[in-house]
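What follows is calculated from the coordinates using simple rules that are stated; it is not laboratory data. Keep in mind that what you see is a predicted model, and the values were worked out from it rather than measured. As a convention, Cβ positions derive from the backbone with ideal geometry for all residues, glycine included, and neighbour counts pool all protein chains shown.
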Number of protein chains: 2
Amino acid sequence: MVKSKVYIYTKTFDGLPKEGDLVIKEEDLPPIKDGEFLAEAIYLSVDPYMRAYASRVPLGAPYIGSQVAKIIESKNPDYPMGRHVSGYFGWRSHTVSNGKPVTLGFSSTPAPILLPVVKDVPPSYFLGILGMPGNTAYFGFLEICQPKKGETVVVSGAAGAVGSVVGQIAKIKGCTVIGIAGSEEKGKWLLDELGFDHFINYKTADLDKALSQVAPKGVDCYFDNVGGETTITILKHMNELGRISVCGTISSYNEKDGRILFELFSLVSKQIKMEGFLVHRWSDRYTEGVQQNLKWLQEGKLKTRETVTEGFENMIKAFVEMLQGKNFGKAVVKV
Amino acid sequence: MVKSKVYIYTKTFDGLPKEGDLVIKEEDLPPIKDGEFLAEAIYLSVDPYMRAYASRVPLGAPYIGSQVAKIIESKNPDYPMGRHVSGYFGWRSHTVSNGKPVTLGFSSTPAPILLPVVKDVPPSYFLGILGMPGNTAYFGFLEICQPKKGETVVVSGAAGAVGSVVGQIAKIKGCTVIGIAGSEEKGKWLLDELGFDHFINYKTADLDKALSQVAPKGVDCYFDNVGGETTITILKHMNELGRISVCGTISSYNEKDGRILFELFSLVSKQIKMEGFLVHRWSDRYTEGVQQNLKWLQEGKLKTRETVTEGFENMIKAFVEMLQGKNFGKAVVKV
């Protein structure tokens, strides 16, 4: 009998998640039946949404999340043994799946995806640039911001899994790109490796003044990963007919009250669009996003980086460090 | 020599405009030159935007606004004597124009429009349903909300010049329409005359509870004329992929601090679009909007109502009463 280790949501998060909020339990898995397969986690994903939607996860349930796993036993021809699969299996080491979507915590998830074998592409990329975060950047930026050549684009959370891809896509589209992140080291990466035009360290700079300097003609598109005061300040610099794609508000996820003092009239006087999205809106175009990002990756137009934490038992640590912005690019846990 | 009476912006508004903030001066008009015409105001418009943009009007300048005027002398063949014209001439009784746009206060205005003579259509309608407010409703609702048949639409400021048209267009498009306004008499008009499905009196009802009752399936489109707490409450009822067209925030115009406590994350989790606009965005389609509204008016699908204040000297009174929501439909001043 196969045993799976599973993180159970045990105590409601209060601020940043703590050891003890999630507790590892062992679970006996039944033998697989016809149509099922057994998969062993290789990489688990930690993403901001896991904190954002914590209130919707029932206590006592496995914690929500996706992973890349190796199929180690199969009675389903669509998921052959030895291949890799990505799926929203939750924070667990072993999973029995029938290849169909499952309802995990708060929402129905996409079906597990059998991963293609691509030369020079490690399977963990399918949790990042070739997975949900890559598609979040691709669709959430292009569809909502509709960037035009020569426009000025600001990205917050710029060194994260999504933001780092957004900024590079904006460069591909011929925009001037300003990245906001929280360390000089991240800034160096954005400027020297990813080709961003400007970097603002929100922890040390006066964002308002810095934007006046690096975006003297104003901001046309803002891809918002953080919310809070950053958004309020950037709004002041938005041009007429500016577009704000609201991907997340990570600055509020660990706060009791994440509301901001917002001047609604500024949307009218500058004709600004502000639109929130979830990437599943474009689930029927999932492959398009992955293929395009893969092409850009292979052409060297997109670069990526991962922050890998070793050990299933370090999931909480990896999760918290990602929420604190310690990661560069995609944060994953290697089992 | 023709003398024009002109309202001069004399004292910065503090809260609601007061007598003395705008002072009538007499101005000698020069004789008209080739290419010019002289027009005498018949109806002057009072609109919420005049208060919203007060801070951009320089003290000592004529106050901003549009009017319908009769051409009483002309040396411009495009503007023949005896015809009516609508133009952003400001709060004044007589105007010399060369038919070109002028910069008034804060922005360049459209050129004066020679009004067509339409049977049964009084010229004042070109300040309302067949003018800027009608086009604001037509484009601001249809283009931004993209309403679909069967959807639920909420309109605030529903008995105003713009809101009353938005609600009726929503009915034409097959939506369920909920109007929010501030008196039972307005509610009666919306329900009995204009065909709204539901009415909520924001002064006496608990908006949150009332919406749960009349919009049990949630709200798909919100056309926002008022901002403030009303917007916050309606956001709670918006459905996934809901669209908010932000036309104005009249609740904030007389306030020192019009900011609202806003939960940005709600835009993400429900994938809501919130977009502000100014009707001049669609100025190249101006005629389309007027023609469509005229057609609906002649077919009886759109109804309109005016609140007429008599006397040029009563402009401020009419302006304040409109800002207080005392008007039904379009507020105009008959000279």
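The table for this structure:
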item	result
Links that overshoot a 25 Å alpha carbon limit, given the list A:K3/A:K33; A:K303/A:K326; B:K119/B:K148; A:K149/A:K273; A:K149/B:K270	B:K119/B:K148; A:K149/B:K270
Exposed GluC sites (Glu not before Pro) absent - longest run of chain A, DSSP non-H/G/I/E/B, at most 15 other C-beta within 10 Å	A:1-254
Linear extension gain, B:E240 paired with B:K148, 0.36 nm per residue minus alpha-carbon span	31.7 nm
Label zone at A:E229 (point 7 Å along Cα-to-Cβ), backbone N below 17 Å, region A:159-193	A:180-183
For the protein assembly as shown: span of alpha carbons on each principal axis (Å, largest first)	100, 53, 40
Using θ = phi - 60° and Karplus 6.51 cos²θ - 1.76 cosθ + 1.60, couplings along region A:2-12 (whole Hz; Gly, Pro as x)	8, 9, 10, 8, 9, 7, 9, 6, 10, 9, 4
Point-to-point label distance, A:K334-A:S183, nm (Cα→Cβ direction, 7 Å offset)	1.9
GNM flexibility winner over chain B from B:S252, B:S45, B:S269 (Cα, springs under 10 Å)	B:S269
Nm distances between copies for B:E184, ranked from closest, using label points 7 Å along Cα→Cβ	7.0
Average other protein chain Cβ within 10 Å of Cβ, residues A:274-285	4
Gaussian network model of chain A, Cα within-10 Å springs - most flexible of A:I113, A:I244, A:I169	A:I113
Separation in nanometres of the label points that stand 7 Å from Cα toward Cβ, at A:K317 and B:R281	5.0
Cα gyration tensor shape for region A:148-294, rounded if a/c is under 1.5, else prolate or oblate	rounded
Using θ = phi - 60° and Karplus 6.51 cos²θ - 1.76 cosθ + 1.60, couplings along region B:197-214 (whole Hz; Gly, Pro as x)	7, 9, 9, 10, 8, 5, 7, 10, 8, 7, 4, 4, 5, 4, 5, 4, 6, 8
Charge dipole (debye, nearest 20) of region A:7-154; +1 at Cβ of Lys and Arg, -1 at Cβ of Asp and Glu	280
Amide proton proximity set for A:R305, modelled H, under 5 Å, gap of 5+	A:K330
Extension gain from A:K256 to A:E193, taking 0.36 nm per residue of separation minus the Cα-Cα distance	19.0 nm
For A:255-263, mean number of other protein chain Cβ atoms within 10 Å	5
A:G242 long-range amide H proximity, modeled H, under 5 Å	A:K273
Semi-axis lengths (Å, descending) of the ellipsoid that matches the C-alpha gyration tensor of region B:1-137	24, 19, 12
Separation between Cα centres of region A:152-195 and region A:311-335, rounded to whole Å	21
FRET E, pair B:V23, A:K209, Förster distance 41 Å, beta-carbon r, rounded to 0.05	0.50
Per-selection Kirkwood Rh - region A:217-257 (Cα, Å, 1 d.p.)	10.7
Where the Cα pairs of region B:295-335 fall when distances are cut into 10 Å bins, in %	31, 40, 22, 7
Net charge dipole size for the protein assembly as shown [Lys, Arg +1 and Asp, Glu -1 on Cβ; Debye, nearest 20]	640
Value at 222 nm in deg cm²/dmol, rounded to 500, when DSSP H runs of n ≥ 4 in chain B each add -39,500 (n - 2.57)	-6500 deg cm²/dmol
Dimensionless Rg/Rh of chain B - Kirkwood Rh, Rg from C-alpha atoms	0.98
Size of electric dipole in chain B: Cβ of Lys, Arg +1 and of Asp, Glu -1, about Cα centre, debye, nearest 20	360
